[in-house]
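Inspection log for the structure reproduced underneath, given as structure tokens.
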């Protein structure tokens with residue numbers, strides 16, 4: 001069973017993603033709402049995939065992505081962003097993000113993105 005770390009500032013986004021993933025056979029290794037907790041959880045649990053909010057406080061998703069990839073260069077990190085964040089999204093993809101999701105989340109898109117990075 002694949003483990004997923006959900007790093008989303010908004011609790012309702014955490015719950016939405018958790019519901020989608022658990023109903024489809026994924027195990028949630030943790031949910032975090034800031035970059036420090038995300039990095040600590042990643043180091044402790046080594047999930048198969050991280051769903052990382054681009055706006056994760058206090059450092060932002062890009063810095064958190066860089067810290068995760070420094071810890072584990074092969075980490076599979078899916079960046080989650082809003083429609084208006086395309087410029088930052090490009091920067092995170094160039095920094096090594098595996099895939100991206102645009103809010104609002106659609107179940108089929110979430111599952112497709114995770115399956116893609118797990119291949």
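FYI, it's all coordinate maths here, none of it is from the lab. Quantities reported herein were computed from a predicted structural model and do not represent experimental measurements. Cβ: placed from backbone, ideal geometry, glycine included. Neighbour counts: every protein chain shown.
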If you take the beta carbon distance between residue 40 and residue 87 as r and set R0 to 30 Å, what does 1/(1 + (r/R0)^6) give as a FRET efficiency, to the nearest 0.05? 0.55
Over the Cα atoms of the chain, Rg to Rh with Kirkwood Rh, two decimal places? 0.91
Please give the FRET efficiency for residue 107 paired with residue 70, using the beta carbon to beta carbon distance and R0 = 35 Å, rounded to the nearest 0.05. 0.65
Which length gain, in nm to one decimal place, applies between residue 116 and residue 1 when the Cα-Cα distance is subtracted from 0.36 nm times their residue separation? 39.8 nm
How large are Rg and Dmax for the stretch 1-58 when only the alpha carbon atoms are used, in Å? 10.5, 31
